[in-house]
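> My structure is below; once you've seen it, I'll send some questions.
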Amino acid sequence: MSATEMTPARFLRSVIAIFLKDWRSELRTRYAISALLMFVVTTIAIILFSLGSEGASADALAGMLWVVIFFGAMSGLSRTFVMEEERGTTLTLQLIAPASAVFFGKLLFNLVLVLGLNIVTVLLYAGFITGFVIRNVPVFLVTILLGSFGFAAAATVIAAIIARANTRGTLYPVLSFPIMLPLLLTVINATRLASEGAFFQEAAGEFQILISYIVVVVVISYMLFEYIWKD
Amino acid sequence: MAIKILLGVLLTGVVIAGFGFPMSAAPQTWYELPVIPGLEDKARIIFFHVPTAWLSVVAFITSMLYAIQYLRKREAIDDIKSSAAAGLGFMFCILATLTGAVWAKFNWGSYWNWDPRETSIFVLLLIYGAYFSLRSAVEVEEKRATLASVYSIIAAVTSPFFIFIMPRIMTGLHPGAKGDPEGAGPVIEFKMSPNMRVIFFTSLIAFTLLFYWMFTLRVRAARLEAHHHSGG
Amino acid sequence: MDFLAQHQLYIVMIIVLAIWLGLYLYLFRLDRRLKKLEERSQK
């Protein structure tokens with residue numbers, strides 16, 4: 001084994017190293033903990049106020065949860081690439097790590113970030129918005145898990161694309177929405193099923209779609225990442 | 001040259017036949033179209049609405065194919081073609097959405113209903129919009145071409161999911177949605193008479209030729225522009 | 001006015017035909033102008 005050979009072990013270590021780099025940076029700045037969480041809290045508060053005493057149908061509430069999650073993702077998941085641009089560290093990263101390691105490392109980071117964010121979102125949402133009832137909790141949990149995976153996958157590759165563009169902030173949701181729409185529709189449907197108390201079998205179809213979506217997006221992102229990343 | 005003449009003849013014929021052929025409850029002659037209860041004359045729009053929708057998809061796929069070529073060969077001409085196809089696709093998509101909304105108003109009462117097919121054409125519109133927003137946000141030509149190509153591939157890969165998702169989510173107004181017999185296509189439901197089918201397919205071919213011609217024109221113009229820039 | 005109401009469809013047809021023929025001629029002219037520009041840049 002030569003010193004420059006990229007073995008699976010080395011690759012995995014690169015991935016973890018990149019993940020840890022972003023993670024530690026995150027802990028230092030605490031952006032996620034402060035700004036992102038405040039964003040989620042604010043959004044849920046706004047929903048609460050707009051609903052007032054009337055409330056909304058269970059279906060509408062199921063959909064709105066994912067609106068909050070979507071915009072939370074839009075706020076937070078582009079940071080991992082944009083911050084490299086802002087700090088001028090992109091070139092360094094391009095040189096010291098293989099493109100695919102960067103991709104998986106940042107994907108892992110976004111995954112952890114969005115999972116954490118979504119858990120908080122769900123807790124706040126379920127806690128404060130009356131009328132949001134989940135009758136089949138396992139289905140709901142699987143939905144959240146798979147949904148977070150899906151968001152992380154799509155958001156990471158789009159983030160890489162817009163990191164070099166001019167109008168990053170507004171461009172991010174514009175590019176992400178069409179790509180994430182299949183994910184959103186499926187996940188809203190699954191949440192609706194969970195809220196109504198459907199059996200696991202009924203939701204299985206949605207889970208299949210979610211899993212194939214995740215696989216497709218991750219694979220295509222992996223294949224295309226080199227083109228996005230390298231100049 | 002022959003293609004252009006053919007296109008002219010065909011599409012003119014389609015317009016005349018599509019609008020001119022009278023409708024009667026019991027068609028006798030070859031130029032009479034059957035009356036579809038509930039739709040009558042408004043059914044004629046199908047000769048124009050479906051081809052525009054069809055073209056916006058064809059253009060999207062064309063754009064994606066050239067995008068792949070660009071990433072593989074890195075030749076600017078492929079990105080020019082990809083962008084030209086997308087531009088046309090965008091235009092036809094807008095037309096398809098508008099004609100679809102008009103049809104929806106006549107047929108089902110309101111301009112928009114979020115039925116699966118309507119939503120799909122809207123998503124296609126969003127994809128085209130996103131594509132051009134991306135292109136306008138990157139200044140360096142090579143980077144712009146690369147990122148645009150990547151995005152069109154990602155969009156093309158994730159859109160087939162709609163085919164599977166949509167029917168699960170809502171019953172559609174469009175023929176061929178949930179609740180309809182399996183395998184029934186959007187148009188076959190119509191049960192078009194033979195002469196209607198001739199007009200329809202001619203329209204489809206004519207519009208495709210139109211697209212092809214406009215596409216080559218755009219590519220030629222872009223080529224000349226690029227030539228001029230680099231010192232022609 | 002009655003004539004127009006009765007033959008609405010044919011009015012629409014004429015309009016669409018006019019738009020289409022206009023577009024067609026425009027594209028034709030564009031085609032020819034491009035060809036001239038291309039020949040010029042060949043030289």
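Bear in mind that the values in this text are calculations on the coordinates, not laboratory data. No experiment lies behind these values; they were computed from the predicted model shown. Glycine gets a Cβ as well: all are built from the backbone with ideal geometry, and neighbour counts include every protein chain shown.
> Residue-wise, which Karplus ³J(HN,Hα) couplings in Hz belong to the stretch A:31-47, taking 6.51 cos²θ - 1.76 cosθ + 1.60, θ = phi - 60°, and x for glycine or proline?
Each residue's phi maps through the Karplus curve to give 5, 4, 5, 8, 5, 4, 5, 4, 4, 5, 4, 4, 4, 5, 4, 4, 4 Hz.
> Work out, in µm²/s and without decimals, the Stokes-Einstein translational diffusion coefficient of the protein assembly as shown at 4 °C, 1.567 mPa s, Rh from Kirkwood over C-alpha pairs.
Estimated diffusion coefficient is 50 µm²/s.
> Separate question: Once you have the Cα-Cα distance between A:Ile119 and A:Ala35, take 0.36 nm times their residue separation minus that, and quote the gain in nm to one decimal.
28.6 nm
> So, one more: Would you calculate the separation in nanometres between label points at C:Glu39 and B:Glu75, each defined as 7 Å from the Cα along the Cα-to-beta-carbon direction?
It works out to 2.6 nm between the two label points.
> Still on this structure, please answer the following. Tell me, what is the percent relative contact order of chain A, built from C-alpha pairs under 8 Å that lie six or more residues apart?
Contact order relative to length: 27 percent.
> Just want to confirm a number: the relative contact order over the stretch A:36-156, from Cα pairs under 8 angstrom separated by 6+ residues, in percent.
42 percent
> Across the stretch B:200-205, in residue order, what do the Karplus-derived ³J(HN,Hα) couplings come to in whole Hz, using 6.51 cos²θ - 1.76 cosθ + 1.60 with θ = phi - 60° and x for Gly and Pro?
4, 5, 4, 4, 4, 5
> If you don't mind, another one. Per 10 Å bin from zero, what fraction in whole % of the C-alpha pairs of chain A is there, up to the bin with the longest pair?
Reading upward from the zero bin: 8, 31, 33, 19, 7, 1, 0.
> Please compare each pair in B:Lys81/C:Lys43; A:Lys21/B:Lys73; B:Lys143/C:Lys35; A:Lys230/C:Lys35; B:Lys73/C:Lys36 to a cut-off of 27 Å on the Cα-Cα distance and tell me which ones are over it.
Too far apart for the 27 Å limit: A:Lys21/B:Lys73; B:Lys143/C:Lys35; A:Lys230/C:Lys35; B:Lys73/C:Lys36.
> Right, another one. Search the structure for amide H atoms under 5 Å from the amide H of A:Arg135, placed 1.01 Å from N in the peptide plane, and list their residues when 5 or more places away or on another chain.
HN-HN under 5 Å from A:Arg135: A:Ser195, A:Glu196, A:Gly197.
> Suppose R0 equals 56 Å. What FRET efficiency, 1/(1 + (r/R0)^6) with r the Cβ-Cβ distance, do A:Val219 and C:Leu17 give to the nearest 0.05?
Plugging the Cβ-Cβ distance into 1/(1 + (r/R0)^6) gives 0.65.
> Modelling each spin label as a point 7 Å along the Cα-to-Cβ direction, I'd like the A:Thr92/B:Met1 distance in nm, to one decimal.
Output for this residue pair reads 6.5 nm.
> In whole Hz, with x marking every Gly and Pro, tabulate ³J(HN,Hα) for the stretch B:48-55 from phi via Karplus 6.51 cos²θ - 1.76 cosθ + 1.60, θ = phi - 60°.
Working through the residues one at a time gives 10, 6, 4, x, 5, 5, 4, 5 Hz.
> Mean-square fluctuation check for chain A, GNM, Cα pairs under 10 Å: which of A:Leu145, A:Leu111, A:Leu183 is largest?
Result for chain A, Cα springs under 10 Å: A:Leu145 fluctuates most.
> Let's see if you can work this out: charge +1 on each Lys and Arg Cβ, -1 on each Asp and Glu Cβ, no other charges. What is the dipole magnitude of chain A about its Cα centre, in debye to the nearest 20?
So the magnitude is around 600 debye.
> For B:Ser110, B:Ser82, what ranking results if the residue with the fewest other Cβ atoms within 10 Å of its Cβ goes first?
If I rank by nearby Cβ atoms, fewest first, I get B:Ser110, B:Ser82.
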